[in-house]
Amino acid sequence: MKAAKITPLTIQQYAKISDEIDDEIDRVVHAGMLAAKCIKHPEFGDIILISSTTDADVLMIHL
C-alpha cells in the first residue's frame with residue numbers, strides 16, 4: 001500500500017483542482033470542516049479535499 005500524501009493548498013489551487021474533478025463521490029460536513037472524496041483527478045488520481053467552512057485553510061490527501 002502506498003503512503004498517502006497531505007498537501008496544503010491555496011484557495012486558487014483548490015478552485016483549480018475542484019474544476020478538474022470528474023466525480024465527487026462523498027461529502028461530509030462536520031464541526032466547521034468539509035471533506036469531499038473525489039475520483040479521477042487527471043494529475044493526482046483519487047483525492048480527498050478537506051477545507052474549513054470558516055477559514056481559508058485547505059488540504060488535499062492523495063496517493
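The values are calculated or read from the model by the stated rules, or taken from the named source; none is laboratory data. As the structure is a computational prediction, the values presented were derived from the model and not from experiment. With ideal geometry, Cβ positions are generated from the backbone for all residues, glycine too; neighbour counts draw on all protein chains shown. For the accessible areas, the whole protein counts, side chains as well, though only heavy atoms, and no ligand, DNA or RNA atoms are used. Shrake-Rupley method; radii C 1.70, N 1.55, O 1.52, S 1.80 Å.
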*asked:* Pull out all pairs, ordered by first then second residue, where Cβ-Cβ is under 8 Å, the residues are six or more apart or on different chains, the first lies in the range 41-61 and is at positive phi, and the second is assigned to a strand (DSSP E or B) and of a type in the set (S, T, N, Q).
replied: none
*Across the range 8-63, what is the number of residues that are over 8 Å from the mean Cα position of the chain (by Cα), among the polar types (S, T, N, Q) and assigned to a strand (DSSP E or B)?*
1
*Starting from the range 14-31, take each residue that is without any contact (Cβ under 8 Å) to a residue 12 or more places away in the chain and list its partners that are of a type in the set (D, E, K, R) and surrounded by 13 or more Cβ atoms within 10 Å (Cβ to Cβ), counting only C-beta distances under 9 angstrom and pairs at least six apart or across chains.*
ASP26/LYS37; ARG27/LYS37; VAL28/LYS37
*Could you list, in sequence order, the residues of the range 2-24 that are open to solvent by 90 Å² or more (accessible area, probe 1.4 Å) and within 19 Å of GLY45 (Cβ to Cβ)?*
LYS2, LYS5, ILE6, PRO8, LYS16, ASP19, ASP22
*Scan the range 36-63 for residues that are open to solvent by less than 40 Å² (accessible area, probe 1.4 Å) and in contact with a Lys or Arg (Cβ under 7 Å, 6 or more places away or on another chain) and jot them down.*
ALA36, HIS62
*Positions within the range 28-43 being at pLDDT below 85 and either touching a strand residue (DSSP E or B) at 6+ places or on another chain (Cβ under 7 Å) or of a type in the set (S, T, N, Q) (or both), in sequence order*: ILE39, LYS40, HIS41
